[in-house]
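The values are calculated or read from the model by the stated rules, or taken from the named source; none is laboratory data. If you're wondering where the values come from, they're calculated on a predicted model, not measured in any experiment. Cβ coordinates were reconstructed from backbone atoms using ideal geometry, including for glycine residues, and neighbour counts include every protein chain displayed. All accessible areas refer to the heavy atoms of the entire protein, side chains included, with ligands and DNA or RNA removed. Shrake-Rupley method; radii C 1.70, N 1.55, O 1.52, S 1.80 Å.
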Amino acid sequence: MSTLGATPAGDGVVLLHGISRTARSFRKMESAIERAGYTTLNLDYASRRKPLEALAEDIHPAIETFAGRLGGRVHFVCHSMGGLLARVYLAKHRPHNLGRVMMLGTPNGGSEITDRLKNVVLYRAFMALLPPIDYPVGIIAGNRSIYPVASAFLPRPHDGRVSVANTKLDGMTDHIVVRTSHPWLVRNDAAIAQTIAFLREGKFTAHW
């Protein structure tokens, strides 16, 4: 296992929660990231009421101000749909001091969140129009489920909402699987440790 380096002075982290969640779901992760030496911006957004393009505009003023006040880079840590929102946001409002992007349980492959999306065809078409990622992305997937009914319709391994395969993204920097379910990814100790490792070093500390 590698030794983690020091947190770069002046770096900050934007946290984007998943669908139907709030910033409170990220509090444990946020506290750990702050203890690691980062400034944080833990945003709430109307995840179920607006399309991703509109949400990107909603969060832009706060992120722009936050990034502008930092002495270092601005990183993103995102759960589930928050990762898709980050991709949309960065395609239009990429900060000049962008650092690394962490996604936890983000359905980059699409169709497995059909129960949460009003129009899957339009969703797929929209995501296909996003430019390829050209910034460091680390992805954590879960492989446990607390949803027995949904689990019957997902290819294994999965976290109860998204298969491990569908968390992957062309051009990603690193990918790891942890033993937890979709809603607990942001509170899982291993996922939190790996998130901080990626923010610091641009890679995860171990693969299992």
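Side notes on the structure shown:
- Filter result for the condition that a residue is under 19 Å from Gly138 (Cβ atoms) and over 12 Å from the mean Cα position of the chain (by Cα), over Lys92, Lys28: Lys28
- Selection of helices (runs of 4 or more DSSP H) fully inside the range 129-208 by the criterion of at least 3 residues being under 15 Å from the mean Cα position of the chain (by Cα) and at pLDDT 95 or above returns 189-201.
- Pairs with Cβ under 7 Å, 6+ apart, first in the range 24-43 and more than 16 Å from Ala197 (Cα to Cα) and of a type in the set (Asp, Glu), second crowded, with 21+ Cβ neighbours inside 10 Å and at pLDDT below 95: none
- Single residue of the range 39-51 satisfying the filter (within 23 Å of Gly202 (Cβ to Cβ) and touching a Lys or Arg at 6+ places or on another chain (Cβ under 9 Å)) that is surrounded by the fewest Cβ atoms within 10 Å (Cβ to Cβ): Thr39
- The range 52-66, subset open to solvent by 10 Å² or more (accessible area, probe 1.4 Å) and touching a residue at least 24 places away in the same chain (Cβ under 8 Å), residue farthest from Thr180 (Cα to Cα): Glu64
- Selection count where residues are in contact (Cβ under 8 Å) with a residue 24 or more places away in the chain and either touching a His at 6+ places or on another chain (Cβ under 8 Å) or among the aliphatic types (A, V, I, L, M) (or both), scope the range 154-183: 12
- Selected residue [loosely packed, with under 14 Cβ neighbours inside 10 Å and touching a residue at least 60 places away in the same chain (Cβ under 8 Å)] from Gly99, Gly71: Gly71
- When Ala91, Ala36 are checked against the criterion of being more than 26 Å from His158 (Cβ to Cβ) and open to solvent by 50 Å² or more (accessible area, probe 1.4 Å), a single residue qualifies: Ala91.
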